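What follows is a short report on a single structure.
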Amino acid sequence: MHYDFLYIVQPNVTDEEFDTMLLDVVSRIESNGGKVLKKAIWGKKQLAYPIKKYRQGIYVNLFYEAPPTVPKQIESFLALKDDILRQMTVKTLKKDIARLTLVAQKTENTETQSETN
């Protein structure tokens, strides 16, 4: 199954904490038989309303493929983290998967070409 996962991190976390948290999420997905198709760090954004007294948050969006039990495991893992303001997992439609695959392939080709230059 394919999933679109979005979570919001407190704006005051250090870069090291943020990177560690992102690597933990990705490693949990991969260790449970999943594969991250696309990572998008949207950066610090204004929240629509205060959450835990924060008006900003760092948005992270992951598209991944995994067995049906993995999203619940990831959500349970992040629920224990105080640095996470909100999280949401959505099952992705087949038409979105095809579009995402094309975008990922184009990104890989662009990165490969830039490395060779």
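Taking region 61-77 as the range and being loosely packed, with under 13 Cβ neighbours inside 10 Å and either within 9 Å of the chain's Cα centre (by Cα) or free of Cβ contacts under 8 Å to residues at least 12 places away in the same chain (or both) as the test, the residues that pass are LYS72, SER76. Scanning region 38-46 turns up no residue that is among the hydrophobic types (A, V, I, L, M, F, W, C) and in contact (Cβ under 8 Å) with a residue 24 or more places away in the chain. Hey, does region 57-74 have a residue that's small (Gly, Ala, Ser), out of contact with any strand residue (DSSP E or B) (no Cβ under 8 Å at 6 or more places or on another chain) and more than 16 Å from GLU30 (Cβ to Cβ)? So far as region 57-74 goes, no, none of its residues is small (Gly, Ala, Ser), out of contact with any strand residue (DSSP E or B) (no Cβ under 8 Å at 6 or more places or on another chain) and more than 16 Å from GLU30 (Cβ to Cβ).
In the set ILE41, ILE8, ILE29, ILE58, only one residue is surrounded by 11 or more Cβ atoms within 10 Å (Cβ to Cβ), part of a helix (DSSP H, G or I), within 13 Å of the chain's Cα centre (by Cα) and not polar (S, T, N, Q); that residue is ILE29. Report whether or not VAL13 is modelled with pLDDT of 90 or more, surrounded by 11 or more Cβ atoms within 10 Å (Cβ to Cβ) and within 12 Å of the chain's Cα centre (by Cα). Criteria not met by VAL13.
The values are calculated or read from the model by the stated rules, or taken from the named source; none is laboratory data. Quick caveat, the model's predicted, so the values are computed rather than measured. Note that we place each Cβ from the backbone using ideal geometry, even for glycine, and neighbour counts take in every protein chain shown.
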